[in-house]
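Q: Please find one structure pasted underneath; my questions will follow.
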There are 2 protein chains.
Amino acid sequence: MTQKSAPDSTRRSEKSRRAIYDAALALVGEIGYTKTTIEGIAARAGVGKQTIYRWWSSKAEVLMEAFVDLGARTAEAAGQAEWEQADGIPDTGDLEADLKAVLRATVDELNDPSYDAPARALAAEGVANPAFGEQFVGELLMPALEMYVRRLRAAQDAGQLRADIDPYIARDLFVSPLAQRWLQGTGPLDHAYADTLVEYALHGLAPR
Amino acid sequence: MTQKSAPDSTRRSEKSRRAIYDAALALVGEIGYTKTTIEGIAARAGVGKQTIYRWWSSKAEVLMEAFVDLGARTAEAAGQAEWEQADGIPDTGDLEADLKAVLRATVDELNDPSYDAPARALAAEGVANPAFGEQFVGELLMPALEMYVRRLRAAQDAGQLRADIDPYIARDLFVSPLAQRWLQGTGPLDHAYADTLVEYALHGLAPR
């Protein structure tokens, strides 16, 4: 059964939008963010430059939306959408297992070239340009970080995390090491690393 | 008593080098890294462009050396040179106190505008450009990270850190959260944060 819920102009817009996203991601992967231009994206997408400027004001904004869309499609295709769409880290009752699962998935994502190229470009732009950085971090990174805070609060309620812990600081012990190894290449970024971080942070480095 | 150990040409070279460093740091602070050029640095330093190209091949390299030099001078002026020049974190026998001291000093450095502008420019260039990133991280970041590894090994010998801990991973629990808050602005970067990180990492987040 076919469904025809959208008028033709909306369908054309959606097709252009998809083509623009694909072109932006492809160009950043192939020639790098610096050499990618609005003109280049328009040419590759087969749309007029004005079509892009109607919806976005800079290549950074185009890439950011394309990247968000990529994330949603990847998660859907991999059947991983459940916790991302439900806006939360799974709560199986085992904090250590849940954190390892989500950190391992993050490691896989960071090591995926189709994710790395646009995400690295956006992160570099955010480091260099504080105004864009605030937007990038606020829209893309903070919602993911909030999921950790909620999961850690649930663990506090369940007695698996000390009650006096600030979940915003505890969160950083898990996510910041992945971020730095990804951004600055300070060491291997693999599942074993993710697992070890969780064990060290939960149980502490000092002798018990 | 005056000392005249260097021939005139060496002294002139040193004067030019200092002027080039100062010009590079001033321009990056005033107009940003993107707009800073070799030509602009030469003009501001009062030297010919060729003088710069004789010693460096890119503005990123000039800035990196200027930044290393700034760090050495700042440390010397503040009388903080001891542990940096001795190439190690102090070992008073109290791991927790020593880590808090060095992380607090790092927080102060990251929050100092004269450090932040060039360091942020170099970090952004390193994220965007993997070849430069490897050089930047290898020459500037890794030696500092190695100091943590050595201090953590000493703590293992002294029984203040679990013997089965990998110091390269333990190190990240302290330094990566500072790096991410600095690079991505994911939360306040102050002494209280530094202290809390040390306490959480050493004693663990899970109830004992």
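The values are calculated or read from the model by the stated rules, or taken from the named source; none is laboratory data. In this text the structure is predicted, and so the values were computed from the model without any measurement. Using ideal geometry, Cβ is built from the backbone for each residue, glycine included, and neighbour counts are taken over all protein chains shown. Ligands, DNA and RNA are stripped out before the accessible areas are found, and what is left, the full protein with its side chains, is counted by its heavy atoms. Shrake-Rupley method; radii C 1.70, N 1.55, O 1.52, S 1.80 Å.
Q: Which of the residues that make up the stretch B:125-135 are surrounded by 22 or more Cβ atoms within 10 Å (Cβ to Cβ) and more than 17 Å from B:Glu65 (Cβ to Cβ)?
A: Residue satisfying the conditions is B:Val127 alone.
Q: A further question on this structure: Of all residues in the stretch A:21-64, which are of a type in the set (Val, Ile, Thr) and open to solvent by 20 Å² or more (accessible area, probe 1.4 Å)?
A: A:Ile31, A:Thr34, A:Thr37, A:Val47, A:Thr51
Q: Quick one: is A:Gln156 part of a loop (DSSP other than H, G, I, E, B) and over 28 Å from B:Val127 (Cα atoms)?
A: Criteria not met by A:Gln156.
Q: Which residues, counting only those in the stretch B:4-20, are open to solvent by 70 Å² or more (accessible area, probe 1.4 Å) and among the β-branched types (Val, Ile, Thr)?
A: Passing the criteria: none in range.
Q: Would you check which residues across the stretch A:166-201 are facing chain B (nearest Cβ under 7 Å), open to solvent by less than 30 Å² (accessible area, probe 1.4 Å) and within 20 Å of B:Ala192 (Cα to Cα) and list them?
A: A:Ile169, A:Ala170, A:Asp172, A:Leu173, A:Ser176, A:Pro177, A:Ala201
Q: Checking A:Glu134 against (1) touching a Phe, Trp or Tyr at 6+ places or on another chain (Cβ under 6 Å); (2) under 25 Å from B:Leu122 (Cα atoms), which single condition isn't satisfied?
A: Result: A:Glu134 fails condition (1) only.
Q: May I pose another question? Can you tell me which residue within the stretch A:149-165, out of those that are touching a residue at least 60 places away in the same chain (Cβ under 8 Å) and open to solvent by less than 20 Å² (accessible area, probe 1.4 Å), is nearest to the chain's Cα centre (by Cα)?
A: Among those that are touching a residue at least 60 places away in the same chain (Cβ under 8 Å) and open to solvent by less than 20 Å² (accessible area, probe 1.4 Å), it is A:Arg151.
Q: Here is a follow-up. Looking only at the stretch B:175-199, which residues are assigned to a helix (DSSP H, G or I) and either in contact (Cβ under 8 Å) with a residue 24 or more places away in the chain or at positive phi (or both)?
A: Answer for the stretch B:175-199, where residues must be assigned to a helix (DSSP H, G or I) and either in contact (Cβ under 8 Å) with a residue 24 or more places away in the chain or at positive phi (or both): B:Val175, B:Leu178, B:Trp182, B:Leu183, B:His191, B:Tyr193, B:Ala194, B:Asp195, B:Leu197, B:Val198, B:Glu199.
Q: Among the helices (runs of 4 or more DSSP H) contained in the stretch B:40-105, which hold 3 or more residues that are modelled with pLDDT under 95, touching a helix residue (DSSP H, G or I) at 6+ places or on another chain (Cβ under 6 Å) and within 19 Å of B:Leu140 (Cβ to Cβ)?
A: B:59-77
Q: Continuing with this model, one more query. Go through (1) touching a Phe, Trp or Tyr at 6+ places or on another chain (Cβ under 8 Å); (2) outside the structural domain of A:Asp98 (by TED's automatic domain parsing) and name the single condition A:Arg208 misses.
A: (1)
Q: Count, please, the residues in the stretch A:25-42 that happen to be of a type in the set (A, V, I, L, M) and out of contact with any Ser or Thr (no Cβ under 9 Å at 6 or more places or on another chain).
A: Count: 3.
Q: I would also like to ask the following. For the stretch A:23-39, which positions are touching a residue at least 40 places away in the same chain (Cβ under 8 Å) and assigned to a helix (DSSP H, G or I)?
A: Matches in the stretch A:23-39: A:Ala24, A:Leu25, A:Val28, A:Gly29.
Q: Checking A:Gly159 against (1) within 16 Å of A:Asp94 (Cβ to Cβ); (2) more than 7 Å from chain B (Cβ to nearest Cβ), only one condition comes out false. Which one?
A: Exception for A:Gly159: condition (2).
Q: Let me ask another. Regarding B:Glu146, is this residue out of contact with any Phe, Trp or Tyr (no Cβ under 9 Å at 6 or more places or on another chain), open to solvent by 40 Å² or more (accessible area, probe 1.4 Å), touching a residue at least 60 places away in the same chain (Cβ under 8 Å) and in a helix (DSSP H, G or I)?
A: Taking the combined requirement at face value, the residue does not satisfy it.
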